[in-house]
1. Have a look at HIS187, HIS253, HIS271 and point out the one that is within 22 Å of the chain's Cα centre (by Cα) and under 30 Å from LEU26 (Cβ atoms).
2. Counting just the residues of the stretch 270-284 that are touching a residue at least 24 places away in the same chain (Cβ under 8 Å) and not in a helix (DSSP H, G or I), which one comes out most open to solvent (accessible area, probe 1.4 Å)?
3. How many of the residues making up the stretch 58-87 are touching a residue at least 24 places away in the same chain (Cβ under 8 Å) and either assigned to a helix (DSSP H, G or I) or of a type in the set (Ser, Thr, Tyr) (or both)?
4. Using beta carbons and a limit of 8 Å, which pairs, at least six apart or on different chains, have the first residue in the stretch 132-156 and modelled with pLDDT under 95 and the second one open to solvent by 20 Å² or more (accessible area, probe 1.4 Å) and not in a loop (DSSP other than H, G, I, E, B)?
5. Could you tell me which numbered condition ARG166 fails, if it satisfies all but one of (1) out of contact with any strand residue (DSSP E or B) (no Cβ under 6 Å at 6 or more places or on another chain); (2) without any contact (Cβ under 8 Å) to a residue 24 or more places away in the chain; (3) in a loop (DSSP other than H, G, I, E, B)?
6. Condition first: closer than 16 Å to ILE220 by Cα, within 16 Å of the ligand (Cβ to nearest atom) and either touching a Lys or Arg at 6+ places or on another chain (Cβ under 7 Å) or open to solvent by 10 Å² or more (accessible area, probe 1.4 Å) (or both). Now tell me which residues in the stretch 238-247 satisfy that.
7. Output yes when any residue across the stretch 179-195 is within 17 Å of GLY260 (Cβ to Cβ) and in a loop (DSSP other than H, G, I, E, B), and no when none is.
8. Would the stretch 106-128 turn up any residue that is farther than 23 Å from ILE266 by Cα and within 16 Å of the ligand (Cβ to nearest atom)?
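The values are calculated or read from the model by the stated rules, or taken from the named source; none is laboratory data. These figures come from a predicted structure and were not determined experimentally. Neighbour counts are summed over all protein chains in view; Cβ atoms, including those assigned to glycine, are modelled from backbone coordinates with ideal geometry. When the accessible area is computed, the model is the full protein with side chains, heavy atoms only, and any ligands, DNA or RNA have been set aside. Shrake-Rupley method; radii C 1.70, N 1.55, O 1.52, S 1.80 Å.
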Amino acid sequence: MAANVIYGKDLAEELRQEMKQEVSTLHEKGVHPKLVVVIIGEDPASMSYVKGKKKASEKIGLDSDLIELPEKTSEKELLTLIERLNNDSSVHGILVQLPLPDHIDDQKVIETIDPKKDVDGFHPINVGRMMTGQETFYPCTPYGILVMLKRAKIDIEGKHVVIVGRSNLVGKPVGQLLLNENATVTHCHSRTKDLRAHTKQADILIVAAGKADLITGEDIREGAVVIDVGVNRVDGKLTGDVEFESAKEIASHITPVPKGVGPMTITMLLHNTMEAAKRIHSVK
Ligand code: GUN
């Protein structure tokens, strides 16, 4: 039987409608949440992502600024800009689009952002807070996956979650978030021996490896939930890390690419920005 397709795009739309209401309530309380996105250089994929973030922010009534800087911007100039944004009380969320040019140290940039304005949830203080189950900002893609699973009424507690990929952006934090929900978590990666033996054990399989069609129906257990985080461009077409056609015949639920996880990422960024403003201004 073909799987239920979980369209993150539809859920994202629903959540953004709810957030639009909440933003207007915050405006009535004199709080105007503002996100500033910084991009260095002109990588077309990154440019398209950041424009999407700005557009989505404006659509729900958030204030937003997009700061576009040339490729040759020095690390010092970027750090100075971040310090200025940290000290600007009208700014609640700061996002510096990654990856950065080679002459800039990503980690140094992440660690310069005020943890209270770190809406990506990448600052080591926020990563540590997530690991120890304290209130923080969750990284947007893992958070979007968690919300999708919950809204699709998929039980997480006691389930075996297998994650393919161990990036700091997705693989590691999504494992932590689901562990916090009492899942049993296995992390697989490029050095894992016999990947299929692991993926076949998954009740919930999350694939964030960045390799088109890495996982097929044969790698999936009958009735598993499959979350595809891949964004690959093959012959000009967007495709995931999971071969959708074969996987959907085996899985009970599956997310498509596009229209799956992607739209949830931006939605959680909007959520985190609102949350940052609420915490900074101590309003509910
Ligand atoms: N590059 C790709 N995804 C992301 C993200 O979620 N945040 C930032 N800052 N850069 C990215």
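1. HIS271
2. HIS281
3. The total comes to 12.
4. Matching pairs, first to second residue: GLY133/ASN180; GLU135/ARG129.
5. (1)
6. First pass over the stretch 238-247, keeping only residues closer than 16 Å to ILE220 by Cα: 240-247.
Of the ones still in play, those that are also within 16 Å of the ligand (Cβ to nearest atom) are 240-241.
ASP241, the sole residue that qualifies.
7. Among the residues of the stretch 179-195, not one is within 17 Å of GLY260 (Cβ to Cβ) and in a loop (DSSP other than H, G, I, E, B), which makes the answer no.
8. Checked against the condition, which is being farther than 23 Å from ILE266 by Cα and within 16 Å of the ligand (Cβ to nearest atom), the stretch 106-128 yields at least one hit.
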